[in-house]
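Enquirer: First the structure, which I've put down as structure tokens, then a few questions once you've had a look.
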Amino acid sequence: MRVSDYEPIVGRSAIEELRLLAAKLSGKVIQMINSTFVGGGVAEILSRMIPLLGQLGVDARWNVIKGNEEFFQVTKKFHNALHGRQETVTEKDFAVFLETTQKNIEEMELYGDILFVHDPQPVGLIASRSSVIASRRRSNPQKWLWRCHIDLSHPNEEVWNFLQPFVVQYDASVFSAPAFSRELPMRQFLISPSIDPLSDKNKELPQQTIDSVLTKYTIPKDKPIITQVSRFDYLKDPVGVIQAFELVRKSIDCRLVFAGGTASDDPESDKVLAEVRQRAGNNPDIHILLIPPGSDIEINALQRASSVIVQKSHREGFGLTVTEALWKAKPVVASAVGGIPLQVKNRFTGLLSYGIEGTAYAIRQLLTNPQYASRLGENGREHVRYNFLITRHLRDYLLLFLALEHPEDIIRL
Amino acid sequence: MIEWLADNWFKIVIPVLVFLASYVVGLWLRRVVGNLLERWTAKTRWEGSQIVARTARRPFLLWFLLLGICIAIQVSVLPPEVKSMTVKATGSLFVLSFGWVVIVLSRELLTLNLFQGRMKGANKPSIALAINLIRVTVIVIGVLIVLDIWGLPISPLLLLIGVAVLVAALAFRDAAPNFFAGFRLGTTQQIKVGDYIKVETGEEGYVTEISWSNTHIKALDESTILIPNSRLLRGTVINYGRPLKKAKEPFRFVSRTDLTELTGLKARNLRELVEVLKTAPDAVVYYHTHHFLEQHHYLTPEPSNDFAIWVGDALGDEVLGERLASVDTFGFPNLGTLRERLVAIIEEYLSSGSNFREAMPGREFHFMKSVSVILPTPYVAHDLREFVEALRKISLGSFYFHVFESRLRLGRGLNDFSIWLQDSSGESELGEEIARLDPYTYTLEGLRSALIQLIEKRIK
């Protein structure tokens, strides 16, 4: 993709602004560091952003840390523990983490003027800071940023206490939602994640493609479709979604599509899928779809074919499936958890709900008032256009790099 | 000798008489024609008539002298070779003098056209090129005729000229349409130097020069754009006419974008909310009373401040929510007084013992602050026309900064546009009219349209 490809979507001035900001970073080298080039949301967004930053004239480079399988099993545990899941973390796990971190410090070249470290896996690289400065005798000390894509609101204290000494050495940290952050002794910025409007998951689709996906999954177009897209996980409350649908179904003829996948690292997901299937029973209006990874066009088509999109999660990260639905101008009913309240401003860009009955009530409101639903959908699309597209994400990163040199609240460039 | 003169006196007198008669007839005809031309110039309003009259009168006598010499020699007893030579010589002189008249006439008429339109420099190169072209053409034709008169072969020269014309035509095939278009622009006066034009392809600005190939315009970013003349004739061009009164100081548009910084402070209930609000930096108050304007600028009506929404949604207190939402931000000159008002409303409410609810876990109020980054833009306005055209083009961030942020956050008391209109443009009334608009009741695009309408009305 080229930066100019986004101009018809976000407008010329937004692209001009990116160029202006990028010009101010001339001569700086931004070194992005994470744990993998492929797989996962961070790698996906970096693989899109690095080329775009390059087109804007920013010297942004991307490196990954090295680690064996044992290390990545430990970091997976850390990830889950920081998200608040029950995990048993041992002293050996901590030792593996420290050992791999030290190895990376010795082997990696940390050359950037700004080192942008993503997530907990490479967080320990900051320990090299003093030695790097000493060895290079830089006139301008390197700036270190930690980008946390995880919800740290309820972390496993043991893991957090282990990682915190690394985190506090950074010059600034970045979180995706206010609720995900913690009190830390450095500047903390809020930068929401984003979606790419030109990706397979979000680009415009011809009606023919949408119809063919519905045909593939034997979903007739005879009734309004209510859809939730999420993996089979108790935190996404799939059974609650079915219950809400059944309440709606009492007065309005409609269908439910629950489209998701199972996660290989989540042994519970198969169990959840089985429970959901059992709860759906033989109801011909409930379609439980197990979608293989990478089926972006199919997810896109299912969202576009829907009348209402639901995200009835108990816990949520930022909730990019909500962003995707809003971008498609679909009316959304979602729980007020994680990053969802940043996206769904109740009664303006969608409806927030707190329980099964509330979700059912909101869905009924939308199905019986298509004009209202359409207005919310359009507002939601505009909200995403200005706040949650990759161009805004790029702008925020550029501003972040510039803000590192300016502690003041009003910066004149 | 005397004897010869006595025998042939008439052979000398007759040619001399013929020559004198031609001179007298020439003088008489010059007067007659001169009078006719004078009457014509008096009747016609065309300024060029005087040039035609003056230029035509000047060589009249010379032509009759040449005619007289030619006839006198013909009636003389000089040898046929001399007579033939005389015809050729007088004919050549006539051709050259006639060519000179054509050159002078064309130069003066074209120069008149240049200044008649008060174009001062406009189209000058185009006119100069036309004069030179006519001059060369006349000289070439004159030389060819003279060569023909003297019986010299002109075919090789014609061939050479043909080749030169072909080469020139090939070399200038792209420039020719622009040259003729430039000439037409100059003669029709459709576009003049000093006009503000807008081309359908997006270029716009004041015309600074019309050359033989391009029209130069000064764009809103003070760059110079060259537009091929032929494009101006082919496409749609809006011409807003002459420049308006220049401001004492130009208005330089800046843009603004922002980053959100987390303070780590949060509130679960009204008491905590008000305590943090009392001491939070101005950037926090600004963020929570303004970020909706940018983030949701497309909504009508726009949502109110964050405090009101949180109190209504998270604490379920719609009464206080409404009270906080109804705070008229436009009525406060700075963030300090706005903060005092918000604190006073909450404290008054708390003193009545009305609300001790706690927000559910996860629905706490997170205090954030806005880090504004102000950037220069290329847009500069020297008068109302440039100002309104720039207003259409600037980003919403730029518009937002000049209307909201500079007034309240930078404490200027008025929006930047009104300040410039009043202080630099001498448009106090318009400035006041814009200052009276409550920007918080519009969407950003709606407000931009309202301002553009007001300025357009003033320009008309």
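Enquirer: Restricting to the protein assembly as shown, compute how many DSSP beta bridges are antiparallel as a %, nearest 5.
Expert: Taking every DSSP beta bridge within the protein assembly as shown, about 40 percent pair in antiparallel fashion.
Enquirer: I'd like the distance separating the alpha-carbon centroids of the range A:12-53 and the range A:229-298, in whole Å.
Expert: 36 Å
Enquirer: Still on this model: If you take every residue apart from A:Y170 with its C-beta less than 12 Å away from the C-beta of A:Y170, what net charge results, scoring Lys and Arg +1 and Asp and Glu -1?
Expert: +3
Enquirer: Would you mind ranking A:K92, A:K223 by Cβ crowding within 10 Å, fewest neighbours first?
Expert: A:K92, A:K223
Enquirer: For the pair A:Q278 and A:S130, what calculated FRET efficiency results from E = 1/(1 + (r/R0)^6), where r is the Cβ-Cβ distance and R0 = 56 Å, to the nearest 0.05?
Expert: 0.45
Enquirer: With everything on Cα atoms, drop me the angle between helix A:370-387 and the longest principal axis of chain A, reported from 0 to 90° to the nearest 10.
Expert: Roughly 10 degrees between the two axes.
Enquirer: How much FRET efficiency would the formula 1/(1 + (r/R0)^6) give for A:Y372 and A:E157, where r is the Cβ-Cβ distance and R0 is 51 Å, rounded to 0.05?
Expert: The calculated FRET efficiency here is 0.70.
Enquirer: How much net charge surrounds A:S335 when only the other residues with a Cβ under 10 Å from the Cβ of A:S335 are counted, with Lys and Arg +1 and Asp and Glu -1?
Expert: Result for the local shell: +1.
Enquirer: May I pose another question? Pairing the Cα long axis of helix A:69-82 with the longest principal axis of chain A, what angle in degrees results, from 0 to 90 and rounded to the nearest 10?
Expert: Around 70 degrees separate the two axes.
Enquirer: Ranked highest first by average number of other Cβ atoms within 10 Å, how do A:67-73, A:353-359 line up?
Expert: Those peptides, ordered most packed to least, come out A:353-359, A:67-73.
Enquirer: Based on the Cβ-Cβ distance from B:W4 to B:V140, what FRET efficiency comes out when R0 is 60 Å, to the nearest 0.05?
Expert: 0.80
Enquirer: A further question follows. What percent do you get for the relative contact order of the range A:207-387 when only Cα pairs under 8 Å and 6+ apart count?
Expert: That works out to 23 percent.
Enquirer: Take every residue in peptide B:260-267, count the Cβ atoms of other chains within 10 Å of its Cβ, and give the average of those counts.
Expert: What the average comes to for B:260-267 is 6.
Enquirer: List the extent of the Cα atoms of chain B along each of their three principal axes, largest first, rounded to whole Å.
Expert: Over chain B, Cα extents along the principal axes are 149, 46, 30 Å.
Enquirer: Same structure again: Is the C-alpha gyration tensor of the range A:207-387 telling us rounded, prolate or oblate? Criteria: a/c under 1.5 is rounded; beyond that, a/b larger than b/c is prolate, otherwise oblate.
Expert: rounded
Enquirer: Could you work out, for the range A:55-155, what percent of all Cα-Cα pairs fall into each 5 Å distance bin, beginning at 0 Å and stopping at the bin that holds the largest distance?
Expert: That works out to 2, 11, 20, 21, 18, 13, 8, 4, 1, 0, in percent per bin.
Enquirer: How big is the convex hull of the Cα atoms of the range A:211-282, per residue, in Å³?
Expert: Measuring per residue, one finds 93 Å³ for the Cα hull of the range A:211-282.
Enquirer: Under a plain spin-label model, where a point goes 7 Å from the Cα along Cα-to-Cβ, how far apart in nm are A:K221 and A:D5?
Expert: 2.8 nm
Enquirer: For labels at B:T208 and B:S97 in the simple 7 Å Cα→Cβ model, what's the distance in nm?
Expert: Taking the simple label geometry, B:T208 and B:S97 are separated by 4.9 nm.
Enquirer: A further question on this structure: Report the relative contact order of chain A, percent, no decimals, based on alpha-carbon pairs under 8 angstrom and at least 6 residues apart.
Expert: Across chain A, relative contact order equals 15 percent.
Enquirer: At 15 Å minimum axial length over the Cα atoms and a Kyte-Doolittle cut of 1.6, report the qualifying DSSP H helices in chain B, or say none.
Expert: In chain B, the long hydrophobic H runs are B:60-75, B:124-149, B:155-171.
Enquirer: Using only the Cα atoms of the protein assembly as shown, what are the Rg and Dmax in Å?
Expert: That works out to 41.4, 151 Å for Rg and Dmax.
Enquirer: I'd like the distance separating the alpha-carbon centroids of the range B:369-447 and the range B:11-45, in whole Å.
Expert: Each part reduced to its Cα centre gives a spacing of 74 Å.
Enquirer: Now, a different point. How many nm separate the modelled label positions at B:S326 and B:R58, each set 7 Å beyond the Cα in the direction of the Cβ?
Expert: Simple spin-label model gives 8.7 nm for this pair.
Enquirer: I would also like to ask the following. Report, in degrees rounded to the nearest 10, the 0 to 90 angle that the Cα long axis of helix A:41-55 makes with the longest principal axis of chain A.
Expert: 60 degrees
Enquirer: OK, next. Given the options A:L115, A:G54, A:F94, identify the residue whose Cα lies farthest towards the positive end of the charge dipole of the range A:1-136 (+1 on Cβ of Lys, Arg; -1 on Cβ of Asp, Glu).
Expert: Comparing the listed Cα positions along the dipole, A:G54 ranks first.
Enquirer: Percent of Cα-Cα pairs more than 38 Å apart in chain A, please.
Expert: When every Cα pair of chain A is considered, 25 percent fall beyond 38 Å.
Enquirer: Can you tell me the order of A:144-156, B:333-345, B:405-417 when each peptide is scored by its average per-residue count of other Cβ atoms within 10 angstrom, highest first?
Expert: Those peptides, ordered most packed to least, come out A:144-156, B:405-417, B:333-345.
Enquirer: Would you kindly state how much longer the chain becomes between A:L290 and A:V38 on full extension, computed as 0.36 nm times their sequence separation minus their alpha carbon distance, in nm to one decimal?
Expert: Gain in length upon complete extension: 88.5 nm.
We did not get these values from a lab; they are worked out from the coordinates using the rules stated. These numbers were taken from a predicted model, which means no experiment stands behind them. In this analysis, Cβ positions are derived from the backbone assuming ideal geometry, glycine residues included, and neighbour counts consider all displayed protein chains.
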